[in-house]
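Below is a structure I'd like to ask you about.
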Amino acid sequence: MRPHVVGHLAVSVDGATAGFDVDLARFYAMATLWQEDVTLVGADTILAQEAAVRSAPQPGPREAGPLLAVVDSRARVREWEGLRNLGHWSDVLALYADQTPARPPDSTTPELVTGYDRVDLAETLQWLGKRRDARVVRVDTGGTLLGVLLELGLVDELSLLIHPVVVGSGPRWHGDFTGRLDLAPANVEVFERGVVWLRYCVSG
Ligand SMILES: NC(=O)c1ccc[n+]([C@@H]2O[C@H](COP(=O)([O-])OP(=O)(O)OC[C@H]3O[C@@H](n4cnc5c(N)ncnc54)[C@H](OP(=O)(O)O)[C@@H]3O)[C@@H](O)[C@H]2O)c1
């Protein structure tokens, strides 16, 4: 069975995911709410953090932590060992496609190959549910990966932590998705300094 998929993103009032200061402490504290089995991350989100990963403490895998699965059909991610040892995740899983460039022969990164030139996200989620017993997947992305998942009808819940700023341009939380989404409100909370949390179930 496909796991429950939730997108939790920090956004500006006009829906951008970059170009403003995120309340990171609150964002990551709230991210623990779902106790996800798998954190599904876009390669560009990982690449934006690779320098920080290299210099971060490396306590080793956290056995009780979620699995980190990164969509990486172009094999751009390099810091697999560093990510595994960050102390957040129990292990890492590289999500590749048939046409993904060859990996180094000594690579020990666990991988799942689906799709031809891009990772097949529907098949990936089915596999995670069936083979890794994943019930909840939290998507961590600047919007691109979430947009593709929305396009495929693979998102069950949205959590937007809205920051009191309008940035005008830049990537949006829904990526390239331009369709219609019917949302059922699940929660609204107002925090200090005008940060608002909107939580919705995606209907249908
Ligand atoms: N505000 C927030 O909450 C938040 C959260 C996380 C990150 N960020 C910021 O957002 C930025 C990165 O986010 P992003 O939105 O640019 O990228 P992203 O979602 O992290 O990465 C894009 C992902 O989408 C995949 N993809 C695109 N089209 C696809 C398709 N048709 N089928 C399957 N997979 C597909 C790409 O795979 P391949 O390219 O491997 O094929 C890649 O893994 C960074 O600057 C980061 O700091 C913000």
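The values are calculated or read from the model by the stated rules, or taken from the named source; none is laboratory data. All values derive from a computational prediction rather than experimental measurement. A quick note on method: Cβ atoms are made from the backbone with ideal geometry, for glycine too, and the neighbour counts reach across all protein chains shown. Side chains are part of the model used for accessible areas, which takes the heavy atoms of the whole protein and leaves out ligands, DNA and RNA. Shrake-Rupley method; radii C 1.70, N 1.55, O 1.52, S 1.80 Å.
Identify the residue in the stretch 7-52 that is among the acidic types (D, E) and assigned to a loop (DSSP other than H, G, I, E, B) and, among all such residues, is farthest from L154 (Cα to Cα).
If we take residues in the stretch 7-52 being among the acidic types (D, E) and assigned to a loop (DSSP other than H, G, I, E, B), then D21 is farthest from L154 (Cα to Cα).
Then there's this: For the stretch 67-93, enumerate the residues that are within 18 Å of L128 (Cα to Cα), more than 10 Å from the ligand (Cβ to nearest atom) and among the hydrophobic types (A, V, I, L, M, F, W, C).
Answer for the stretch 67-93, where residues must be within 18 Å of L128 (Cα to Cα), more than 10 Å from the ligand (Cβ to nearest atom) and among the hydrophobic types (A, V, I, L, M, F, W, C): L67, L68, A69, W89, V92, L93.
How do the pairs read when you match residues in the stretch 127-149 that are within 11 Å of L9 (Cβ to Cβ) with residues anywhere that are part of a helix (DSSP H, G or I) and hydroxyl-bearing (S, T, Y), using Cβ under 8 Å and keeping only pairs 6 or more apart or on different chains?
Within 8 Å, the pairs are D140/T45; T141/T45; G142/T45; L145/T45.
Residues P66, P110, P61: which one is in contact with an Asp or Glu (Cβ under 8 Å, 6 or more places away or on another chain), outside the structural domain of P171 (by TED's automatic domain parsing) and touching a residue at least 60 places away in the same chain (Cβ under 8 Å)?
Checking each option against the conditions leaves just P66.
Would you confirm, using the coordinates I've provided, whether D72 is of a type outside the set (A, V, I, L, M, F, W, C), within 16 Å of the chain's Cα centre (by Cα) and at pLDDT 95 or above?
Judged against the criteria, D72 is a match.
Of these, A25, A52, which one is open to solvent by 60 Å² or more (accessible area, probe 1.4 Å), outside the structural domain of H174 (by TED's automatic domain parsing), within 15 Å of the ligand (Cβ to nearest atom) and more than 26 Å from E123 (Cα to Cα)?
Testing whether each residue is open to solvent by 60 Å² or more (accessible area, probe 1.4 Å), outside the structural domain of H174 (by TED's automatic domain parsing), within 15 Å of the ligand (Cβ to nearest atom) and more than 26 Å from E123 (Cα to Cα) leaves just A52.
Right, something else. Of the residues in the stretch 141-171, how many are near the ligand (Cβ under 9 Å from one of its atoms), under 15 Å from T45 (Cβ atoms) and either at pLDDT below 95 or out of contact with any Lys or Arg (no Cβ under 7 Å at 6 or more places or on another chain) (or both)?
Qualifying residue count, the stretch 141-171: 9.
Let me ask something additional. Report, by residue number, each residue of the stretch 76-89 that is part of a loop (DSSP other than H, G, I, E, B) and within 16 Å of the chain's Cα centre (by Cα).
Within the stretch 76-89, V77, H88, W89 meet the criteria.
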